[in-house]
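Remarks on the structure that follows.
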Amino acid sequence: MKKLLFVYNPHSGKGKLGKYLSDIVCTFTQAGYDVTVHPTSAARDGQEYIKARAAEFDLVSVAGGDGMLHEMFCGIIGSGAGVPCGYIPSGTINDFASSLGISKTPEEAAKTVVSGNYADIDAGVWNGNIFSYVAAFGMFTDVGYSTDQKMKNAIGPFAYYLDVLRDMDIKNFRASSVHAVVNADGVQFEDDFIFAMAGSTKSVAGLTSLIPDDAEMDDGLLDYAFIKTPKNLIELDEIRNTLMLRTFDPEVMISGKAERITVKADRDVKWTLDGELGGQTGEAEISVIKKAVKIAVPLI
């Protein structure tokens, strides 16, 4: 009989996942799997458990938010086993699931896990640390992962971010601004930035307007975007317009694709990896592992 390891975060989505556990496990067993269930008990517990035991299984699946997904990527890649995996989203943002069209309904996502339909997805590396879809610093990371989810759900994440931009005092941008020298595959640029991201995704903190339409998650390239610090209200309006119209105006936002990106800032900044705190540093090197993870995706 095929063996499936199911690791889940019992606290994800305010613990709402618990009522779906029976249905999820039944879906797995009905697909012919002998299921081992492991609820996480601490940070990195899932990562270390998957890393240690992935090779014993035919399929590994996790359920939880972006943090649980992050642990799965780290565990799978760290194990070196090359085991296919699946993801059942139950957090608040779920950028990765949105990018791949994975259902936010646990029962439907569980069916996808055992569908046998896989995609080979890139992974990122930030200062030697694996991430599943994005490394970022700046205002959108704070807004996206720290603010009231009910408000974002009510008016939509894009409208929420535009409201935040509209209401912020220009002095706040200057205070949080980071001066950095960036090198993306030999292309160098230097400026003051209020936000930066690099990864393989089609959404960051629920915001899709930062990512170009041609973004792919399996091309061996990082999509990056660096938003310049506005110096006045006119430049702030230009940022809002480029986000709203998705014009990717180089006057306010530098974007592109690269295999390797280095960032040297004038001070230490907090980076997030997949929405979780990655570390605080003034220098970062970001690269990509092409088609690092085989993950279950919905049938087209």
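What the table below lists for this structure:
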{"item": "HN-Hα J in Hz across the stretch 235-245 - Karplus 6.51, -1.76, 1.60, θ = phi - 60°, x for Gly and Pro", "result": "5, 5, 4, 5, 5, 4, 5, 5, 6, 5, 8"}
{"item": "Residues Ser132, Ser287, Ser41 arranged by fewest to most Cβ contacts within 10 Å", "result": "Ser41, Ser287, Ser132"}
{"item": "Sequence ranges 178-186, 290-298, ranked by mean other-Cβ count within 10 angstrom, highest first", "result": "290-298, 178-186"}
{"item": "In Hz, Karplus ³J(HN,Hα) per residue of the stretch 71-80 (6.51, -1.76, 1.60; θ = phi - 60°; x = Gly, Pro)", "result": "5, 5, 4, 4, x, 5, 5, x, 6, x"}
{"item": "Which of Met197, Met244, Met253, Met1 has the fewest Cβ neighbours within 10 Å, and the rest in rising order", "result": "Met1, Met244, Met253, Met197"}
{"item": "Using a Förster distance of 22 Å, the FRET efficiency for Asp214-Ile289 (Cβ separation, nearest 0.05)", "result": "0.60"}
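Throughout, read-outs are computed from the coordinates displayed, never taken from laboratory work. Remember, it's a predicted structure, so these values are computed and weren't measured experimentally. Here the Cβ is made from the backbone with ideal geometry for all residues, glycine too, and neighbour counts use every protein chain on show.
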